[in-house]
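For reference, the structure discussed in these notes is given below.
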Amino acid sequence: MAKILVCVAWPYASGPRHLGHAVSTFIPADIFARYHRMKRDEVLMVGGSDMHGTPVTVRADEEGVPPNVIAERYHALHLKNIEQLGVRYDLYWNTADPHHKAWVQEIFLALKEKGHVYEAVMVSPFCTTDQRFLPDRYVEGTCPHCGFPRARGDQCENCGNLLDPFELKDPKCKIHGTTPIPKETKHFFFRLSAFETPLTKWAAKDKEHWRHHVLTFMRSWLREGLKDRPITRDLDWGIEVPVPGYETKRIYVWFEAVMGYLTATREWYRRRNQPDGWKDFWHDPEARHYYFVGKDNIVFHTIIWPAILLGYDAKLDLPYDVTATQYLNFSGEKMSAGRGKGVWLSDLLERFDPDQLRYYGVATMPETKDTDFEWEDFAQRNNSELLAVYGNFVHRAMTFADKNFDHAVPPADFLDAADKKMIRAIEQEWNKVGQNLEYVHLKDAMKEAIQLARLGNQYFDQKAPWELVKKDRVACGTVLHVALRVSRSLAIIMAPFLPFSSSRLWQALGYDTDVHSQTWEGALEDVPAGQALRVGKPLFTKIDLSEAKETSADRLDLRVAQIADVQELPNADNLYVLQVDIGGERRQIVAGIRKNYPKDQLRGRKIVVLVNLEPAKLRGIESRGMLLAGEDKADVGLVRPPDAAPAGSQVLGVRGAPILAFSEFQKYKLQVGPDGTVLFLSPEGEARTTLAVDGTPLKVDKGMKEGTWVH
Ligand SMILES: [Zn+2]
Ligand SMILES: [Zn+2]
């Protein structure tokens with residue numbers, strides 16, 4: 001029994017996550033952990049939300065709320081998405097937890113004690129506009145390594161290189177767009193240079209199973225030589241530096257988040273009253289630690305984190321494998337939560353079976369090179385592989401047996417050569433799936449699992465039970481028995497990849513147990529003759545491409561809002577300043593509807609507002625959102641949500657979608673249908689969605705004929 005620690009990269013709690021993130025971290029980690037649990041290895045899967053760092057504060061500044069509001073909101077969303085996706089952590093934690101903070105400070109002080117952390121004065125970018133230092137994401141510029149124009153002050157997300165802000169070409173303050181000046185400030189540094197030799201030795205040893213691109217990246221870093229790095233920041237959000245004089249500074253988010261793998265293990269054992277239990281996983285040289293991260297995190301997991309481990313306690317286990325993936329791109333550009341690109345998980349999970357997403361995620365998994373998310377490909381792979389090959393095979397076998405053999409598994413009295421060949425194929429494919437899983441080649445592993453279903457279909461077609469049932473009922477029963485045995489094996493073999501449909505299939509085959517508590521070897525067992533089947537709906541549904549594409553709305557956050565107050569804007573004859581409640585939050589919106597509605601018709605009224613539009617100033621007054629309305633040549637009529645819909649109800653898009661630039665927003669159009677409903681048109685113009693709240697379509701006041709957005 002092997003001891004396997006599954007370490008999953010910590011997503012920032014700074015915004016909704018996109019599918020690319022799940023595909024590079026949660027999903028592969030989950031498949032790997034589920035497989036090893038079925039093998040009865042000792043598995044612990046840990047991770048959580050990264051609550052700190054400038055991604056969170058940048059967002060908080062944009063929304064005008066404290067950082068903890070942002071972090072807690074998105075931690076809750078990540079938790080929900082993870083559960084919806086069927087990802088089973090042993091502990092999904094977060095870095096704002098007091099235990100994490102205390103342990104991080106303990107590690108920090110231990111490193112300082114040993115001389116691995118020291119104080120030094122450095123030059124940092126300083127914004128003269130608001131008199132503050134600009135940590136990490138508050139500076140943007142051109143990457144000196146790859147020329148990416150929007151590289152951040154700490155790292156280029158395009159090439160993954162770590163940066164000093166002044167290495168950027170043409171650095172700019174992210175908020176003011178001005179050039180920051182260099183200014184001296186005192187910080188703690190991690191003596192990374194001291195670990196060059198031990199890390200180089202480690203990098204040269206027993207890495208045959210590592211992915212080529214990860215090794216190349218790590219080794220080229222080591223060849224260039226390791227530099228000491230500042231590990232505190234001028235920031236008030238994060239873990240306090242446990243040293244007097246550092247009250248206005250915090251520990252760098254990356255320095256503490258990687259410690260989360262260790263602290264989360266400690267936490268898991270602490271909750272079980274075994275305060276030293278974590279050593280089982282971290283002090284055992286035989287334990288294998290697998291890290292599931294995206295390629296922009298390679299340096300943290302192959303250089304910085306191993307160096308921290310070496311410096312803190314020489315007995316700690318270093319990573320056994322860092323299975324970094326490349327990027328899953330959307331329309332050729334990297335899916336990035338920071339830049340508002342991507343196919344949001346929350347949106348996808350509301351519209352598709354999680355197994356459809358997991359299937360596509362694994363089938364296009366960017367294990368060794370970047371891949372693309374394509375709607376056509378998503379629909380096609382679901383329809384022609386998952387549904388047509390796997391779903392169809394098991395459904396055919398079950399419905400045929402159900403109809404012709406008294407709703408139960410028929411006996412197999414005599415196996416001919418073809419039957420035996422089919423049964424041998426189960427073991428052969430099972431072997432191939434397992435071998436690929438051992439090496440974390442998930443895409444190939446799933447391909448072999450689908451291959452078993454494909455062989456099942458071929459066997460079924462070749463035996464043609466629909467003919468056989470008329471000539472030789474006993475032989476036909478044998479065919480069905482074998483086909484159901486293959487289905488049973490598929491339920492187990494697919495369980496790590498597609499947990500929900502495996503459960504459904506297992507139940508349909510007549511089992512009352514949980515497929516996820518079966519052993520991996522259990523896939524080779526036979527299905528008992530006479531077991532009653534519970535045939536229901538097919539395992540998967542077809543994805544209609546035109547429906548799938550509607551999701552380009554996922555960049556919007558369109559909600560029901562209630563008008564709390566209306567004021568005229570002096571010297572602007574058509575403008576009102578509205579205070580609206582968008583569900584637990586007040587917003588100020590400036591809207592040009594004074595000629596169309598008197599004040600008393602607006603107070604208390606419910607309207608629909610696009611809430612994630614970039615703020616604009618109208619006559620010097622800030623407006624943070626836009627109304628939906630209909631218009632004709634003479635008048636404007638507001639879009640009317642159902643009376644019962646509370647403020648904050650989602651009309652379209654994703655709650656918390658990132659700020660949308662005005663130029664991007666202009667690509668979206670509204671239209672009023674002949675029946676008075678309001679239609680939303682995607683930028684491509686192909687997808688049309690009827691706007692509705694909980695199934696009730698929205699209508700336009702005063703029977704207007706054209707849709708519009710009103711500032
Ligand atoms: Zn770069
Ligand atoms: Zn500035």
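Some values worked out for this structure:
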item	result
Kirkwood hydrodynamic radius of the stretch 551-710, Cα pairs, Å	15.6
Calculated P(r) tail over 22 Å for the stretch 374-543, as whole % of Cα pairs	39
Relative pair counts by distance (%), Cα atoms of the stretch 123-277, 5 Å bins	2, 8, 13, 15, 18, 16, 12, 8, 5, 2, 0
Calculated FRET efficiency for the pair D370/R534, C-beta based, R₀ 56 Å, to 0.05	0.85
Between the stretch 125-150 and the stretch 28-102, the alpha-carbon center distance in angstrom	28
Mean separation of Cα contacts under 8 Å, 6 or more apart, over the residue count of the chain: relative contact order %	11
Segment K279-D632, length gained on full extension (0.36 nm per residue, minus Cα span)	119.9 nm
Ranked order, W506, W254 - accessible area, probe 1.4 Å, largest first	W254, W506
Antiparallel bridge percentage (DSSP; both residues within the chain; nearest 5)	75
Label zone at V474, where the point sits 7 Å out along the Cα-to-Cβ direction: the stretch 397-417 residues whose backbone N lies under 11 Å	413-415
Accessible area of the stretch 178-230 belonging to carbon and sulfur atoms, whole % at 1.4 Å probe	53
Separation between Cα centres of the stretch 267-284 and the stretch 181-246, rounded to whole Å	27
Two-site FRET efficiency, Y439 against V69, from Cβ-Cβ distance with R₀ of 35 Å, rounded to 0.05	0.25
Cleavage-rule hits (GluC sites (Glu not before Pro)) in the stretch 147-236: DSSP loop, at most 11 neighbouring Cβ within 10 angstrom	E208
Debye, to nearest 20: dipole size of the stretch 374-543, +1 on Lys, Arg Cβ, -1 on Asp, Glu Cβ	440
Accessible area of the chain divided out per residue, in Å², using a probe of 1.4 angstrom	40
Amide H contacts of N94 (H built 1.01 Å from N, under 5 Å, at least 5 apart or other chain)	S49
Per-selection Rg to Rh, the chain - Cα, Kirkwood hydrodynamic radius	1.02
Rounded to the nearest 10 Å², the accessible area of D370 at probe 1.4 Å	60
Share of carbon and sulfur in the accessible heavy-atom surface of the stretch 374-543 [1.4 Å probe, %]	51
Dipole magnitude of the chain about its Cα centre (Cβ charges: Lys, Arg +1; Asp, Glu -1), debye to nearest 20	300
Over the stretch 597-706, relative contact order from alpha-carbon pairs under 8 Å, at least 6 apart, %	27
At most 15 other Cβ within 10 Å, DSSP loop - chymotrypsin sites (Phe, Trp or Tyr not before Pro), the stretch 428-495	Y439
Full-extension gain in nm, R424 to D377, via 0.36 nm per residue minus C-alpha separation	13.7 nm
Modelled FRET efficiency - R0 22 Å, T519 with D406, Cβ distances, 0.05 increments	0.15
Ordering of 48-56, 589-597 by packing [mean C-beta count within 10 Å, highest first]	48-56, 589-597
Segments 148-154, 39-45, 496-502, 694-700 sorted - mean Cβ within 10 Å per residue, highest first	496-502, 148-154, 39-45, 694-700
Estimated distance in nm for a label pair at E350 and L79, the labels positioned 7 Å out from Cα along Cα-to-Cβ	2.0
Estimated [θ] at 222 nm from DSSP helical runs (n ≥ 4, -39500 (n - 2.57)) normalised by residues in the chain, nearest 500	-10000 deg cm²/dmol
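The values are calculated or read from the model by the stated rules, or taken from the named source; none is laboratory data. Since we're looking at a predicted model, the values are computed, not measured. Every residue, glycine as well, gets a Cβ built from its backbone with ideal geometry; the counts of neighbours run over all protein chains shown. The area values use the complete protein model at the heavy-atom level, side chains included, leaving out ligands, DNA and RNA. Shrake-Rupley method; radii C 1.70, N 1.55, O 1.52, S 1.80 Å.
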